[in-house]
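The values are calculated or read from the model by the stated rules, or taken from the named source; none is laboratory data. Note that this is a predicted model, so its numbers are computed, not measured. When we count neighbours, we look across all protein chains shown, and the Cβ atoms used for this are built from the backbone with ideal geometry, even at glycine.
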Amino acid sequence: MRTHLVVAIILLTAATPALAADTAGPSPQMWERVRAAGSVAVGLKPTPSPQAPATLSLRECLALASAHNSGFRQSLQQLINARQGLWVAEQRLFYDVSAGGERERNPGSNAETALTGSVGARLEARTGGSLQANAGTGTQGTFGDLLSQRPALSLSYDQPLMRGMGLASSTAERIRNARTALASQELSFFDAQQELARRVIEDYFAVLLAKGEVEIAQRAVERAKALYDMNYAKFSGEGLAQPGEEWVSQVAELDVDQARLSWERSKQSLISDQQAYRDAMDRLLLNLGLIPGATPELTTAIAYSPQEYDEAALVQMALANSTDLGRLELSGQDAAASLRIARSQNLPDVTASVGVNDLGETINGTTVSTGWFGGIRVEAPLFDRGRREDIGRADRALQVLEQSTVAARDQVTQAVQRLVRAATSSRQRIDIGEQALALARKNREAARGMYDEGLSDYLRVLDAEDRLVEAERSLLQEQVQYFLTTVRIRRALGEDVSQGLP
C-alpha cells in the first residue's frame, strides 16, 4: 500500500507543471501601469455626496472622482469579482464529509437501523490527473458499533493519457480561463480609470474655458460701457461743458444709439457665458461625485506648451500598449483553447489508474474485499458529427478574431495619425490666433483713435471691438483644445493621463 501511495504522489507532482503565462498583448511597461491602476484602495460602500471645497486643483479633482464616482465603482466591483473568480478557480483540493442514517421495518420482521459515514478528499493536477482518498465506516446497525469499527479506506490516482490531459484538462482550462478573465478585466478597469480621468480633465478645462469666456465678456461689457459713456457725454455735453458755456455736439444720436446697442449686446453675451460657466461647473461636480451648485475656485491654469510628435514612433508605441489589442489577444487565447479542447475530444480516452482499496462490505466488524488495483481504461470515439462541428466552430471563431485583430491594429494606427494631425493643426491655429489677437488689439486702438479725431464713424469702432472679442475667444478655445488633444494622444499611447498634469 505504501509503495502505491508513493507512486501516486510522484505522478501527481510530475503532472503539475506551471501554467503558461496568459497576459500577452500589451508591453510589460503597459502591464505595470495596468496593475498599478488595479491597486487603488476604494471601497464599494455607498457614501453621501460631499460638499465641494473652496478650491480645486486638477489633481484633487481626479482623486475625488476615483473616490466618489458611481460608474467607476462598478468597474471596481467587476475587477474584484474577477480576482475572486481566479481564487476560486485555483482551489484544487476538495473535501467531502457525509453521514446518513435510516430506520425501516419490513412486514413480519423487526425494525432495522442503518448508519453510514464517510470522509473524502480530492487533489486535482493541472494536467488532468487527480489523487483521491476516502474513508468510510460501511453500514452499521448501532452508533456504538459505528465508532468501534476500523474505517474502510481507499486511495487512488487517475491520469488521462490523451484526451483531457495537459492544457486540455478541465482543471488547467478552469484556471487558464479565470486568469484570462482577470487579465481582461484588469485592462477594462484601466480603461475605465483613464476614461474617468479624461472626462474629469475635459470637464475641468471646460470650466476654465467658460470662466475665461466670462472674463472676456466682462471686459467687453466694460469697454462697451466706457464707449457709451464717452459718446453720450460728447452728444449731451454732460460733464464736458463749463458753467455758462454752450456745448455743440459733434456726435450724432445714431452713434449714441449704436454704442448703447453694443453695450446691451455685450451684457447679453455676458449673461449667456455666466450661465454656461455654471452649467460646466455643475457637470464637473457631478462627475466628481460632489453636490452641484457650488462654484469653487479652480487653481490649475490653462497652459499652452507646444510639442513635436514623431508619428511613426507614436504609432508603434500605441500598438504595443493598446488595451483593445490586449483584450483581443486574450479572446484569441480563449478561442485557441476552445479549438484545442474540441480537437482533443476526437482522441481516444485513455486513463491510467492505480490505488488501493479496502472499502468493502463490513460484516461483524470485519471489512472484506480488500486489495490493490491498477490498470488502463481505453475508450475510442469512432465517428461523431457533433465533435467535428465543435472543431469547425472553434476554428471559425479563431479566424474571425485574427481578422478583428488586423482591423483593430489599423484603427489604432488611424487614431494616432488623426490625433497627431489634430495637434499639429491646433498648434498652427494658435500661432495664427496669437497674431490675429495682436492685430485685433492694434486695429481697435486705431479705430478708436480715428473716431476720436472725427476721421471715421462709430461703426468701425464697434466692428473692431467685435473682432477683438472674437480673437480672444478663438485663441482661448484653441489653447484648451490643444491641451485636450495632447491628453487624448497620451490616452491613445496607453499612458496614465492622471500623471504629469499641470
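For this structure, a couple of remarks:
- When residues of the stretch 379-394 are limited to those that are among the hydrophobic types (A, V, I, L, M, F, W, C) and part of a loop (DSSP other than H, G, I, E, B), the one surrounded by the most Cβ atoms within 10 Å (Cβ to Cβ): A380
- Just one residue in the set R122, R92, R73 is more than 27 Å from S184 (Cβ to Cβ) and surrounded by 12 or more Cβ atoms within 10 Å (Cβ to Cβ); that residue is R122.
- Within the stretch 29-61, tally of residues that are assigned to a helix (DSSP H, G or I), among the basic types (K, R) and either touching a His at 6+ places or on another chain (Cβ under 7 Å) or surrounded by fewer than 16 Cβ atoms within 10 Å (Cβ to Cβ) (or both): 2
- The residues in the stretch 250-273 that are over 15 Å from E465 (Cβ atoms) and at pLDDT 65 or above can be counted, and the count is 9.
- Hey, A67 farther than 24 Å from R327 by Cβ, assigned to a helix (DSSP H, G or I), at pLDDT 50 or above and of a type outside the set (S, T, Y) or not: yes
- Residues that are surrounded by 18 or more Cβ atoms within 10 Å (Cβ to Cβ) and more than 22 Å from R418 (Cα to Cα) within the stretch 452-475 comprise Y458, V461, L462, A464, E465, R467, L468, V469, A471, E472, R473, listed in sequence order.
- Residues within the stretch 308-353 that are part of a helix (DSSP H, G or I) and touching a residue at least 24 places away in the same chain (Cβ under 8 Å), tallied: 30
- Residues of the stretch 177-221 classified as of a type in the set (S, T, N, Q) and under 16 Å from Q499 (Cα atoms), total: 2
- Pairing each residue of the stretch 473-490 that is over 10 Å from F205 (Cβ atoms) with any residue that is among the acidic types (D, E) and buried (at least 20 other Cβ atoms within 10 Å of the Cβ), provided the two are 6+ apart or on different chains, yields C-beta distances under 9 Å for R473/E213; L476/E213; Q477/E213.
- Search result, residues across the stretch 385-409 that are among the charged types (D, E, K, R) and more than 12 Å from G332 (Cβ to Cβ): R385, R387, R388, E389, D390, R393, D395, R396, R409
- Among the residues of the stretch 33-57, those that are β-branched (V, I, T) and at pLDDT 85 or above comprise V34, T55.
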